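No lab work stands behind these numbers, since they all come straight from the coordinates. Just so we're clear, the structure is a prediction, and the values are computed from it rather than from any experiment. Because the Cβ atoms are built from the backbone with ideal geometry, glycine has one as well, and the counts that use them run over all protein chains shown.
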Amino acid sequence: MAHRTPLLLTDVYDPEALAVRFWARVSKGDGCWLWTGHISTNGYAQIWVMYDGRGHTIPASRVAYLLEHGALDRELLVCHTCDNPPCVRPSHLWQGTTAQNIEDCARKGRRAPHAGEGHWRAVMTAATVEAARARYAAGGVTQKRLAFEAGVSKEVMHHALHGHTYPRGGS
């Protein structure tokens with residue numbers, strides 16, 4: 001359920017105890033302040049917090065932002081200027097939309113390819129896809145046959161042929 005109201009520090013059960021528990025798990029240095037508590041499988045700091053009448057496991061960066069500013073827009077992300085997921089230093093954190101976070105990521109050259117042979121799960125090369133497109137356009141071969149020859153599913157071949165996963169004219 002989406003919330004239109006911000007999460008306020010006063011909405012958190014026992015905010016003083018949360019602050020003590022939170023900062024006890026932070027290693028402060030000259031640059032990033034690193035979270036020493038639980039780290040998720042994707043490398044982000046996490047902490048358990050009570051609000052809205054129940055417990056939530058949320059990114060520790062959200063709690064750091066909340067403790068610093070007293071309010072958190074529930075609809076926005078808490079992003080890192082330092083690009084260091086376990087960092088919880090408030091001066092390294094900002095709130096933004098998913099689009100703003102993606103733009104920040106791309107501007108810094110950290111965005112992984114979401115299409116083409118640069119994608120981490122890519123099976124086909126751009127040359128393979130271009131050859132398949134030429135054969136398919138010429139007729140006489142089905143997407144199913146091309147998929148079989150390339151060792152991928154018909155759905156993967158369909159998306160590649162139509163430029164959804166492999167941009168036209170290269171990787």
| Under 30 Å from LYS144, Cα to Cα: lysines that are on another chain or at least 8 residues apart | LYS154
| note | Filtered hits (aspartates and glutamates, Cα-Cα < 12 Å from LYS108, offset >= 8 within chain) -> ASP83
| Viscosity 0.692 mPa s, 37 °C: Kirkwood-radius Stokes-Einstein D of the chain over Cα pairs, µm²/s | 170
| said: Output wanted: per-residue J couplings in Hz (rounded whole) for the stretch 59-72, from phi through Karplus 6.51 cos²θ - 1.76 cosθ + 1.60, θ = phi - 60°, x for Gly and Pro. | reply: x, 5, 4, 5, 5, 4, 5, 4, 5, 6, 9, x, 8, 9
| task | Only loop residues by DSSP count here, and only those with at most 14 other Cβ atoms within 10 Å; note down the trypsin sites (Lys or Arg not before Pro) in the stretch 103-157 that meet that. | result | LYS108, ARG110, ARG111, ARG121
| query | For CYS79, which sequence-distant residues (separation of 5 or more, or a different chain) have an amide H within less than 5 Å of its own amide H, given hydrogens modelled in the peptide plane? | reply | TRP94, GLN95, GLY96
